[in-house]
Amino acid sequence: EAHDYFLYCGNDLYHKNLAGLLTAWKNLSIEMKLPKLVLAGPPRQIMIKEYAEELGIAEKVILLNRLPASNLGKLFYGARALIMPSLAEGFGLPVAEAMAMGIPILCSDLPVFKEITGGHAFFFNPYKPSSIAEAIKTLYSSDDKRLQNIAEARKHAENYRLSAFISSHINVYNRFLEDGM
């Protein structure tokens, strides 16, 4: 069923902070009824599953191995939100993809995520599971805020369209030619 899970897309390396996310999920599940948490892409699923079992939330966590790109769109569209708890990140392609699809984003308050989203996300401190939990609660608490965030993020995502990329590069080349000649 659509919108009955939160989605994480990526690997399971330390800097992706899945331990922090699972800890936040456990703590929040004590306070409120949460949907499933889908972790797409982690290759070491046994370790993650064992940690989820240790926390008592294994029934709330779905682990998906690498998916074909053709299935990712369906996975994104069914999600209530994309959640990216990274401690460090290069670009964060899933964030740009989610924005373009109109999926709310919960992510670490890293400069790269703030730049990619243009500030149109629900940010949290990735070092504090309580902060992750608060961002999830904020997303739940206000439909108006969530819908406004989606609209603004979708508009900002236009900057990542191929046509915008080509246009901006043509402008740079033209300025270079005008100034350099």
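The values are calculated or read from the model by the stated rules, or taken from the named source; none is laboratory data. Not measured: the values here are computed from a predicted model. Cβ: placed from backbone, ideal geometry, glycine included. Neighbour counts: every protein chain shown. These accessible areas exclude ligands, DNA and RNA; they are computed on the full protein's heavy atoms, side chains included. Shrake-Rupley method; radii C 1.70, N 1.55, O 1.52, S 1.80 Å.
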TODO: Determine how large the accessible area of His15 is when every protein chain is in place; take a 1.4 Å probe and give Å² rounded to the nearest 10.
DONE: 60 Å²
TODO: Might you work out the accessible area of Glu134 for me, using a 1.4 Å probe with all protein chains in place, and round it to the nearest 10 Å²?
DONE: 100 Å²
Open item on the list: Using a Cα-Cα cut-off of under 27 Å, which lysines could be cross-linked to Lys49, ignoring same-chain neighbours fewer than 8 residues away?
Closed with: Lys16, Lys26, Lys33, Lys36, Lys60, Lys74, Lys128, Lys137
Open item on the list: If I stretch the segment between Glu134 and Leu64 completely, what's the gain in nm (0.36 nm per residue apart, minus their alpha carbon distance), one decimal?
Closed with: 22.6 nm
Task: FRET efficiency, Asp109 to Asp179 (Cβ-Cβ, R0 30 Å, nearest 0.05) - done: 0.20
- [ ] Give me the accessible area of Leu72, 1.4 Å probe, in Å² rounded to the nearest 10.
- [x] 50 Å²
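Suppose the chain between Phe91 and Leu13 were pulled fully straight at 0.36 nm per residue; how much longer would it get relative to their current alpha carbon spacing? Present the calculation step by step, with values, prior to reporting the outcome.
Details: separation 78, 0.36 × 78 = 28.08 nm, distance 1.55 nm.
Difference between extended and current length: 26.5 nm.
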